[in-house]
Amino acid sequence: MDMMVRNANRRVACEKWEDVVGPRIKKMLDKVGQRATQYRAHIGGEFVFQVTGFGENGSQHAIDLGLHTCTCKRWQLSDILCVHVICCKRFNKQEAVLYCHDYLMCTTYMQAYTPVINLIAGEDDWEPVDYPIAPPSFNKLLGRPRKKRILS
């Protein structure tokens with residue numbers, strides 16, 4: 001019953017989402033997006049960019065939007081956009097949320113919680129059986145039980 005209620009609650013909560021991704025992911029992207037103003041994107045090709053940071057530690061990162069890679073490796077590890085990719089998306093004037101992985105999208109979330117879990121009747125409603133229900137038979141093995149595991 002708990003699983004049925006949990007799935008129903010998550011289904012209802014997902015229907016209220018206003019964005020393409022969930023509110024938790026959107027909040028993370030907004031927080032990372034605030035830091036994107038500290039970087040500047042330089043285009044190198046159709047999907048290839050180099051992002052440089054301002055200030056003392058002006059880091060440089062190479063981004064390939066076609067292969068979904070960034071040299072900071074955050075995008076590959078979490079499938080949530082890193083600050084460098086968001087900087088590239090703003091340079092292209094594109095929506096950054098669309099480059100998140102499919103499993104973070106609202107549509108995938110709804111597909112996961114669409115199946116309905118049906119209730120099972122309680123013990124009072126079970127049909128009685130005429131034969132006794134016994135545990136499976138146990139056959140004792142011959143010989144002394146092994147004390148150590150075999151290393152090979």
Most exposed first, judged by fewest Cβ atoms within 10 angstrom, TYR131, TYR39 run TYR131, TYR39
Apply the a/c threshold of 1.5 to the C-alpha gyration tensor of the range 70-130 and tell me whether it is rounded, prolate or oblate. prolate
So which lysines pass the test for LYS16, namely a Cα distance under 16 Å, with those fewer than 8 places away in the same chain ruled out? LYS26, LYS27
Which shape class, rounded, prolate or oblate, goes with the chain when its Cα gyration tensor gives a ≥ b ≥ c as root eigenvalues, a/c under 1.5 marks rounded, and past that a/b bigger than b/c marks prolate? oblate
In a shell of Cβ-Cβ distance under 10 Å around ALA112, excluding ALA112 itself, what net charge do Lys and Arg (+1) and Asp and Glu (-1) give? +2
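Any read-out appearing in this document is the output of simple, stated calculations on the displayed coordinates, not a laboratory observation. As the structure is a computational prediction, the values presented were derived from the model and not from experiment. Neighbour counts are summed over all protein chains in view; Cβ atoms, including those assigned to glycine, are modelled from backbone coordinates with ideal geometry.
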